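Visitor: Quick one: the structure is below, and I'll ask about it shortly.
The values are calculated or read from the model by the stated rules, or taken from the named source; none is laboratory data. On a predicted model such as this, the values are computed, not experimentally measured, just so you know. Virtual Cβ from ideal backbone geometry, glycine too; neighbours counted across all protein chains shown.
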Amino acid sequence: MSATSQKARAVERMFSSIASRYDLLNHLLSLGLDIRWRNQAVAAFTDGVNGRKILDVACGTGDLALALARAGDDSTMVTGGDFSNGMLAIAQEKVARAGLAGRLSLEFLDALNIGHKDGCFDGVTCAFGVRNFAGLDRGLAEMTRILRPGGRMVILEFTTPSNRVIAAVYRLYFTRVLPFIGGLISGNRGAYEYLPDTVYKFPTPDQLSARLAALGLRDVKFTPLTFGICGIHTGVKQTLGEG
């Protein structure tokens, strides 16, 4: 088994182990800000999502996919994909309770090998998932591949604040408080030690923007949220003749 495959399996096992407490901890540890952040990611589709076919990669328990489906009308079709069956099971329950099964479907999905044809989605999203990809460049390339020309990519992800004071408080919370509370509630402290580790090792917003531009996206933009502790990356796939 390759190192990439081993990393992917380890991450899948970790997320499946905390699936039952994942939503509670997301809301608790972010002080409820994660809900606002996802709504802002939906709003990054500046022309709305009506009539759009959108793929949410690494959808987890489905919160962003649900927000996208709720924001659209009956012509909006959202697909949420994740490689954790534990996460997908919870997402499926939430979709059923919301009565959105008609325009939100869920599937097992490997972000490094997305099983959809080139250019078949109008939009692709990922919330707090790209930094978990076993191969970042491969995952971003796959997300770009399935976008139609003119389609929009929206990535919501943690980053590190540029303000020194906020960055210091953020680091203390992220590396000390979050693992303690997360471990206490989920029973898996390691999963919440993994989170800050991935954030601090992840490319900076400028570096990620450069990677997106190199893949053929135009109008690449990063919008920081909440003092820069996370942000939204957007870009549009170039149409024929651009670039």
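Visitor: Please state which of the following conditions G119 fails to meet, knowing it meets all the rest: (1) in contact with a Pro (Cβ under 8 Å, 6 or more places away or on another chain); (2) crowded, with 16+ Cβ neighbours inside 10 Å.
Guide: (2)
Visitor: While we're looking at this one, here's another question. Identify the residue in the range 128-142 that is touching a Leu at 6+ places or on another chain (Cβ under 7 Å) and part of a helix (DSSP H, G or I) and, among all such residues, is nearest to E12 (Cα to Cα).
Guide: Here the answer is V130.
Visitor: Hey, among the residues in the range 73-109 that are closer than 12 Å to C59 by Cα and acidic (D, E), which one's farthest from the chain's Cα centre (by Cα)?
Guide: E107
Visitor: While we're on this one: Got at least one residue in the range 83-103 being farther than 13 Å from V154 by Cβ, of a type in the set (A, V, I, L, M) and outside any helix (DSSP H, G or I)? Can you show your working first?
Guide: We begin by selecting, within the range 83-103, every residue farther than 13 Å from V154 by Cβ; these are 83-103.
Narrowing the set further to residues that are of a type in the set (A, V, I, L, M) leaves 87-91, 95-96, 98, 100-101.
Then keep just the ones that are outside any helix (DSSP H, G or I); that gives 100-101.
Looking for residues that are farther than 13 Å from V154 by Cβ, of a type in the set (A, V, I, L, M) and outside any helix (DSSP H, G or I), one finds at least one in the range 83-103, hence yes.
Visitor: Considering only the range 142-199, state which residues are over 19 Å from the mean Cα position of the chain (by Cα), charged (D, E, K, R) and within 21 Å of V49 (Cα to Cα).
Guide: Answer for the range 142-199, where residues must be over 19 Å from the mean Cα position of the chain (by Cα), charged (D, E, K, R) and within 21 Å of V49 (Cα to Cα): just R148.
Visitor: Considering (1) in contact with a Pro (Cβ under 6 Å, 6 or more places away or on another chain); (2) closer than 17 Å to G60 by Cβ, say which one T159 fails and leave the rest.
Guide: (2)
Visitor: Return yes when G129 is under 22 Å from A65 (Cβ atoms), modelled with pLDDT of 95 or more and small (G, A, S) and no when it is not. Even if it seems obvious, please write down each step before you answer.
Guide: On the way: under 22 Å from A65 (Cβ atoms): yes; modelled with pLDDT of 95 or more: no; small (G, A, S): yes.
No, not satisfied.
Visitor: While we're looking at this one, here's another question. For the range 18-53, which positions are part of a loop (DSSP other than H, G, I, E, B) and aromatic (F, W, Y)?
Guide: Taking the range 18-53 first, the residues part of a loop (DSSP other than H, G, I, E, B) are 30-32, 44-52.
Across the range 18-53, the qualifying residue is only F45.
Visitor: Out of T239, T198, I need the residue that is modelled with pLDDT of 85 or more and among the polar types (S, T, N, Q). Which one? If you could, list the steps in order and put the result at the bottom.
Guide: Numbers: T239 fails: modelled with pLDDT of 85 or more.
Result: T198 is the single residue among T239, T198 that is modelled with pLDDT of 85 or more and among the polar types (S, T, N, Q).
Visitor: Got at least one residue in the range 90-100 being touching a Gly at 6+ places or on another chain (Cβ under 7 Å), farther than 26 Å from F202 by Cβ and without any contact (Cβ under 8 Å) to a residue 40 or more places away in the chain?
Guide: Taking the range 90-100 and keeping what is touching a Gly at 6+ places or on another chain (Cβ under 7 Å), we get 91, 94-95.
If we keep only those that are farther than 26 Å from F202 by Cβ too, we end up with 94-95.
Keeping just the survivors that are without any contact (Cβ under 8 Å) to a residue 40 or more places away in the chain gives 94-95.
Within the range 90-100, one or more residues are touching a Gly at 6+ places or on another chain (Cβ under 7 Å), farther than 26 Å from F202 by Cβ and without any contact (Cβ under 8 Å) to a residue 40 or more places away in the chain.
Visitor: Specify the residue that is surrounded by the fewest Cβ atoms within 10 Å (Cβ to Cβ); the eligible residues are those in the range 34-63 that are aliphatic (A, V, I, L, M) and farther than 24 Å from A89 by Cα. Give the derivation first.
Guide: From the range 34-63, those aliphatic (A, V, I, L, M) are 35, 41-44, 49, 54-55, 57-58; that's our starting set.
Now restrict to residues that are farther than 24 Å from A89 by Cα: 43-44, 49.
Numbers: A43: 14, A44: 18, V49: 24.
In this case the residue turns out to be A43.
Visitor: Residue under question is L172, and the condition is that it be surrounded by 14 or more Cβ atoms within 10 Å (Cβ to Cβ), among the aliphatic types (A, V, I, L, M) and not in a loop (DSSP other than H, G, I, E, B); does it hold? Reasoning before the result, please.
Guide: Values: surrounded by 14 or more Cβ atoms within 10 Å (Cβ to Cβ): no; among the aliphatic types (A, V, I, L, M): yes; not in a loop (DSSP other than H, G, I, E, B): yes.
Spelling it out, it is not the case that L172 is surrounded by 14 or more Cβ atoms within 10 Å (Cβ to Cβ), among the aliphatic types (A, V, I, L, M) and not in a loop (DSSP other than H, G, I, E, B).
Visitor: Of the residues in the range 206-232, how many are touching a strand residue (DSSP E or B) at 6+ places or on another chain (Cβ under 6 Å) and farther than 16 Å from G129 by Cβ?
Guide: So the answer is 11.
Visitor: Would a scan of the range 180-188 turn up a residue that is in a loop (DSSP other than H, G, I, E, B), more than 20 Å from L215 (Cα to Cα) and touching a Ser or Thr at 6+ places or on another chain (Cβ under 9 Å)?
Guide: Yes, the conditions are met somewhere in the range 180-188.
Visitor: Only one residue in I155, I166 is surrounded by 15 or more Cβ atoms within 10 Å (Cβ to Cβ) and assigned to a strand (DSSP E or B), so which one is that?
Guide: Values: I166 fails: assigned to a strand (DSSP E or B).
Testing whether each residue is surrounded by 15 or more Cβ atoms within 10 Å (Cβ to Cβ) and assigned to a strand (DSSP E or B) leaves just I155.
Visitor: Evaluate the following for A111: is it in contact with a Gly (Cβ under 6 Å, 6 or more places away or on another chain), in contact (Cβ under 8 Å) with a residue 24 or more places away in the chain, in a loop (DSSP other than H, G, I, E, B) and buried (at least 19 other Cβ atoms within 10 Å of the Cβ)? Break it down stepwise before answering.
Guide: Details: in contact with a Gly (Cβ under 6 Å, 6 or more places away or on another chain): yes; in contact (Cβ under 8 Å) with a residue 24 or more places away in the chain: yes; in a loop (DSSP other than H, G, I, E, B): yes; buried (at least 19 other Cβ atoms within 10 Å of the Cβ): yes.
So A111 passes the test.
Visitor: Okay, moving on. Examine the range 50-57 for a residue that is in contact with a helix residue (DSSP H, G or I) (Cβ under 9 Å, 6 or more places away or on another chain), within 22 Å of A191 (Cα to Cα) and at pLDDT 95 or above, and state whether such a residue exists. Spell out the reasoning first.
Guide: Filtering the range 50-57 down to residues in contact with a helix residue (DSSP H, G or I) (Cβ under 9 Å, 6 or more places away or on another chain) leaves 50, 52, 54-57.
Then keep just the ones that are within 22 Å of A191 (Cα to Cα); that gives 57.
Cutting the leftovers down to at pLDDT 95 or above gives us 57.
Scanning the range 50-57, I find at least one residue that is in contact with a helix residue (DSSP H, G or I) (Cβ under 9 Å, 6 or more places away or on another chain), within 22 Å of A191 (Cα to Cα) and at pLDDT 95 or above, so the answer is yes.
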